[in-house]
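So the structure is just underneath, and the comments pick up after that.
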Amino acid sequence: MTNEWNEYKAYIGQPTYSVSNGKDTSFLGRFTTDMIKDFKGFSRIFTILSRGYIFHNADGSLKDGEPYERIEYARRALCAWCSMPAKTPQANKKSNPSENWQFKVSFPEYHEEFPELVNEDGAGWYYRHVHSVAQFIAENRSKVNKHIHCLADRTKQWEDEWSDKVKQYQVPLFSSKTNAEWLLSFDSAIADALELGALRREAVKLAPEQLSYIESIRPNGVPLNALITIAEYYIANKPYDSDWCVLPVTNIEAFLGSSALGRQYMSKLPPEFMERKESGYGICVCRVKLINGDTNEPKH
């Protein structure tokens, strides 16, 4: 989770569609069923993608020049990633004339610039991934957990909803017509990307003393790797001027391959490990307590 370069590559690379047992959801990639159904977790995805295209070359090395000069380049990359084929009814559907935000959702013209993100027909990476997941499930229903079957049965509904989302994502950040419910836009993700800078290319690992402390306070029924992932993310992302950190619960679930973190485990985490503030949209604000190897006392 803390190796952001690997996360970026997972959003633009070729997924592997296979299953080893009924609990295996690796064919979803860095997504959960809830992310695909309810469009959660895309703030981090768009920010990671923007950081990758603004700051890095294809081999991961840093680009030369001024990052702010690549704002429109990153915006085109996000449009390409989200693109729908021009042949789909949703891509050709006109917005209501009374609406002042009228944006297209098909970007085949970006294929030459971003061949990894959109094909010549305008099918973006995410569109192709969702349809590949649906096809895989349809062909392997007996091998896939039943709660995931819905992804294969609602592709038409998903296309309608995704079309609306892609239009909303393009609304300018300071548009006077922006609905307050539209909390995410390409512009906001790019702004976050410019503030955060280049992607982290090495994973953050806990010290032995921190691992021992977490093991000693782990509640029954909560996987150790869930606590370790939260703690490592906290270390990597805690701001320098605060003990509180925004935890992208939905994206961590995708990394862990299970939606149980938010539904089952978070409420069981003891105060000796984490304090958190109620939030929503698949995130929370938290303060994680770790062991200090020198004083042998928990510290933030």
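Numerical summary
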quantity: From the options Leu261, Leu199, residue that is buried (at least 20 other Cβ atoms within 10 Å of the Cβ) and in a loop (DSSP other than H, G, I, E, B); calculated: Leu199
quantity: Count of residues meeting criterion [surrounded by fewer than 19 Cβ atoms within 10 Å (Cβ to Cβ) and touching a helix residue (DSSP H, G or I) at 6+ places or on another chain (Cβ under 8 Å)] in the range 264-273; calculated: 3
quantity: Unique residue being under 24 Å from His111 (Cα atoms) and in contact with an Asp or Glu (Cβ under 7 Å, 6 or more places away or on another chain) when the list is Thr47, Thr32; calculated: Thr47
quantity: Subset tally (residues that are among the small types (Gly, Ala, Ser), at pLDDT below 95 and either more than 14 Å from Tyr127 (Cβ to Cβ) or outside any loop (DSSP other than H, G, I, E, B) (or both)) for the range 63-117; calculated: 3
quantity: Residue in the range 13-22 that is surrounded by 18 or more Cβ atoms within 10 Å (Cβ to Cβ) and at pLDDT 95 or above present; calculated: no
quantity: Answer from Asp64, Asp34 - the residue that is touching a helix residue (DSSP H, G or I) at 6+ places or on another chain (Cβ under 8 Å), acidic (Asp, Glu), outside the structural domain of Ser279 (by TED's automatic domain parsing) and more than 18 Å from Arg128 (Cβ to Cβ); calculated: Asp34
quantity: Pick from the range 210-236, criterion farther than 14 Å from Leu290 by Cβ and free of Cβ contacts under 8 Å to residues at least 40 places away in the same chain, ranking: surrounded by the fewest Cβ atoms within 10 Å (Cβ to Cβ); calculated: Asn220
quantity: Single residue of the range 280-297 satisfying the filter (closer than 18 Å to Tyr233 by Cα and in a loop (DSSP other than H, G, I, E, B)) that is modelled with the highest pLDDT; calculated: Lys289
quantity: Meets criteria (surrounded by 14 or more Cβ atoms within 10 Å (Cβ to Cβ) and touching a helix residue (DSSP H, G or I) at 6+ places or on another chain (Cβ under 7 Å)) for Val166; calculated: yes
quantity: Options Leu261, Leu199, Leu183, Leu256; residue that is at pLDDT below 95, under 19 Å from the mean Cα position of the chain (by Cα) and closer than 22 Å to Arg75 by Cβ; calculated: Leu183
quantity: Selected residue [assigned to a helix (DSSP H, G or I), under 26 Å from Tyr8 (Cα atoms) and β-branched (Val, Ile, Thr)] from Ile214, Ile230; calculated: Ile230
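The values are calculated or read from the model by the stated rules, or taken from the named source; none is laboratory data. What you see is a predicted model, and the numbers here were worked out from it, not measured in a lab. Please note: Cβ atoms are built from the backbone with ideal geometry, for glycine as well, and neighbour counts cover all protein chains shown.
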